[in-house]
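The values are calculated or read from the model by the stated rules, or taken from the named source; none is laboratory data. Small disclaimer: the values here were computed from a predicted structure and weren't measured. Note: ideal-geometry Cβ built from the backbone for every residue, glycine included; neighbour counts use all protein chains shown. Ligands, DNA and RNA are stripped out before the accessible areas are found, and what is left, the full protein with its side chains, is counted by its heavy atoms. Shrake-Rupley method; radii C 1.70, N 1.55, O 1.52, S 1.80 Å.
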Amino acid sequence: MPLVRIELFPGRSHAQKMEIAEAITRVLEETAGISPTATTVMFSEVAPSDWVVAGKPLGVLKD
């Protein structure tokens with residue numbers, strides 16, 4: 001039973017998340033033969049201030 005976790009910034013609609021989940025489920029079925037009923041997709045929204053790269057929140061990083 002695959003569990004696919006997707007962490008992203010807030011802002012996607014429920015409909016967009018459902019489209020992503022359906023696409024991932026379809027790909028797992030087509031490429032790995034996994035039944036759609038066995039696939040779980042979980043979304044976690046993380047604020048940019050809580051997403052840290054190189055010790056700095058993404059909102060603070062500059063090139």
Between a first residue in region 1-25 that is over 15 Å from Ser44 (Cβ atoms) and free of Cβ contacts under 8 Å to residues at least 12 places away in the same chain and a second residue that is open to solvent by 50 Å² or more (accessible area, probe 1.4 Å) and assigned to a helix (DSSP H, G or I), which pairs have beta carbons less than 8 Å apart while being 6 or more apart in sequence or on different chains?
none
Among the residues of region 5-56, the number that are assigned to a strand (DSSP E or B), open to solvent by 40 Å² or more (accessible area, probe 1.4 Å), at pLDDT 95 or above and of a type outside the set (Lys, Arg) is 6
